[in-house]
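Here, each number is a calculation from the coordinates, and none is a lab measurement. For clarity, every value in this text was computed on a predicted model and none was experimentally measured. Cβ sites come from the backbone with ideal geometry, for glycine too, and all protein chains shown count toward neighbours.
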Amino acid sequence: MSDNRKNALLSPDVMRKTFDFSEKMRALNAERTAASGKTLGVYVLTFGCQQNVADSEKILGMALKMGYESVDSPEKADLIMVNTCAVREHAEKKALSTIGQFKHLKAAKPSLMIGVCGCMVTQEHRKEEIKHRYPYVDFIFGTSSLHRLPELLYEKTVKGKRLFCPEEDEYLVAEGLGIERDSTYRAWVSIMYGCNNFCSYCIVPYVRGRERSRQKEDVIAEVRGLVERGYRDITLLGQNVNSYGKDIYKNGEYTFADLLFELDKIEGDYTLHFMTSHPKDATRRLIDVMAGGKHIARHFHLPMQSGSDAVLGAMNRRYTFEKYIRKLDYIREKMPDATVTSDIIVGFPGETEEDFEATLDALRRARFDMIYSFIYSPRKGTPAAELDTQIPDAVKSERFDRLLKVQNEISLASNRELEGKTLRVLCDGRSKNNSGVFSGRTDGNKIVFFDAEDSDTGKFLNVKIERGDTFALYGTVIK
Ligand code: SAM
Ligand code: SF4
């Protein structure tokens, strides 16, 4: 196997420094707790994708190691961490307005520490904006510097000077930071970070660096540990999860399909999911491994983005609609019961009415169970944002509504087809917005409502589907 396989890891010296600062901060917090009689609280707020959710679990894990306890509101916190997203302008605006609301908390409690991290502040212009317009933010670090949280916190606490952590020259993988998981039965496992694809609309490669994979041994040990601790639903994460291994295992000697095949052999009662996949890396071998798997969910989230070859080319997606649909047909041939979901962007610069109609036709042909649909949002620094063929907002919104109408009919039909069938559902407990009723997710991530008991939370249940709606299924538990 290739000698390059350790290249993606942060050096032991850097990690030692992280752990030393963590210990110093822990000692400092112990003194502060002894003096005040109160354990310091940490509140972590997360915007954006599951990768950010997974990063926030590491931030919380590090904070607990430093002697903080998790609190459920910013008002109770001594440390607030805001983990931001930059994929669309809307996400950035939401994060900035939330940070704005923390100003009065800092005024009321000057010892409060506020840290901002994640994709938004990995961009230089946003870092500058926080520096000048939000003077009560104590420290900032980008996605390459998660491991530096203990150092920044310690330095700020001891020296009192605001800190703006520069991005590392190289984005590397930090193992062993500690993870405080939000759930006792659903877990996120980041298996790789970054992206090499440079889709012309997307900020991710600029704010998360190049692709780097974790060592397979580390991933397998983490998943095995989770299964042994009773986790039922494990999602392997990466911006481009199915290009796992290409950076460290050369010439395709170990691929994502190999990893999935090996993970599937772990004994236990659990389901493996993964996201997000790029169609160019959705190989037949991967689909075959899924089809033959014992624990692998028959769910493929395969973003298509557009049904027009002209738009796909301008997006730099590196496939045509025809190529995409051949992969989809192979998934359905091998797994007729698979759930397939996708991402679609409307209003990409230069998208004509014909291009948009090609996307509607593509939806009718692909018959996705569900889509995540996005109105194109220009991202500073990406090639598409520079194009002078930007689509007016009113046209984008009108197309978005038409897209939803077509997809909603397809989703409804696909959910109705499940009526009368019995599906395995992981119970998430009492639903928040459907009081008294329980909710859960199928292997295909469809939401299901049913009556159950509190003790069923975190367990797999067999649920007979009575009714399929556009966005949810309704059923009865079969004991
Ligand atoms: N790596 C994944 C892939 O290849 O599809 C997706 C990651 S991205 C964070 C999630 C989704 O956000 C994308 O699939 C795309 O549909 C959407 N997205 C990314 N940049 C966008 C932009 N500038 N405007 C609107 N939607 C965008
Ligand atoms: Fe963004 Fe494209 Fe990379 Fe997905 S594959 S993260 S859409 S650049």
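At a glance:
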quantity	calculated
Isolated Cys residues of the chain, judged by Cβ distance under 4.7 Å to other cysteines	CYS49, CYS85, CYS117, CYS119, CYS165, CYS195, CYS427
Derived scalar couplings ³J(HN,Hα) [segment 455-469; Karplus, 6.51 cos²θ - 1.76 cosθ + 1.60; whole Hz; x for Gly, Pro]	5, 7, 4, x, 10, 7, 10, 8, 10, 7, 7, 8, 8, x, 10
Span from the segment 199-238 Cα centroid across to the segment 133-193 one, whole angstrom	17 Å
Beta bridges per DSSP with both ends in the chain, % antiparallel, nearest 5	35 percent
Residues VAL340, VAL53, sorted so that the one with the fewest Cβ neighbours within 10 Å comes first	VAL53, VAL340
Per DSSP, loop trypsin sites (Lys or Arg not before Pro) in segment 32-109 with at most 13 further Cβ within 10 Å	LYS38
Under 13 Å, Cβ to Cβ, from VAL346 - net charge with Lys/Arg +1 and Asp/Glu -1	-3
Cut-off under 5 Å, modelled amide H: who pairs with TYR372 long-range	SER342, ASP343, ILE344
FRET efficiency estimate (nearest 0.05) - Cβ-Cβ, VAL14 to THR39, R0 30 angstrom	0.55
Contact order normalised by residue count of segment 381-478, Cα under 8 Å, 6+ apart, percent	27 percent
Nearest-ten-degree value, helix 89-101 long axis tilted from longest Cα axis of the chain	30 degrees
C-alpha long axis of helix 321-334 to longest principal axis of the chain, angle in °	80 degrees
Given charges at beta-carbon only (K, R positive; D, E negative), |dipole| of the chain in Debye	680 debye
Exposure proxy ranking, count of Cβ atoms within 10 Å, fewest first, for ILE391, ILE130	ILE391, ILE130
Long pairs among LYS94/LYS405; LYS24/LYS432; LYS106/LYS446; LYS24/LYS250; LYS24/LYS106, criterion Cα-Cα beyond 32 Å	LYS24/LYS432; LYS106/LYS446; LYS24/LYS250
Degrees between helix 50-65 axis and first principal axis of the chain (Cα, 0 to 90, nearest 10)	30 degrees
Listed residue (VAL53, ALA35, PHE19) projecting farthest to the positive dipole end of the chain, Cβ model	ALA35
Trypsin sites (Lys or Arg not before Pro) within segment 430-459: DSSP coil, no more than 16 neighbouring Cβ in 10 Å	LYS432, LYS459
Neighbour-limited loop hits for trypsin sites (Lys or Arg not before Pro), segment 229-293 (at most 15 other Cβ within 10 Å; DSSP other than H, G, I, E, B)	ARG229, LYS265
Packing-based exposure ordering (other Cβ within 10 Å, fewest first) of HIS125, HIS273	HIS125, HIS273
Whole-Hz ³J(HN,Hα) from phi, Karplus 6.51 cos²θ - 1.76 cosθ + 1.60, for segment 250-262, glycine and proline x	6, 6, x, 6, 8, 10, 4, 4, 5, 4, 4, 4, 6
Length-normalised contact order of the chain in % [C-alpha pairs under 8 Å, at least 6 apart]	10 percent
Point-to-point label distance, ALA472-LYS94, nm (Cα→Cβ direction, 7 Å offset)	2.0 nm
Helix-only CD estimate at 222 nm, as mean residue ellipticity for the chain, using -39500 (n - 2.57) per DSSP H run (n ≥ 4)	-11500 deg cm²/dmol
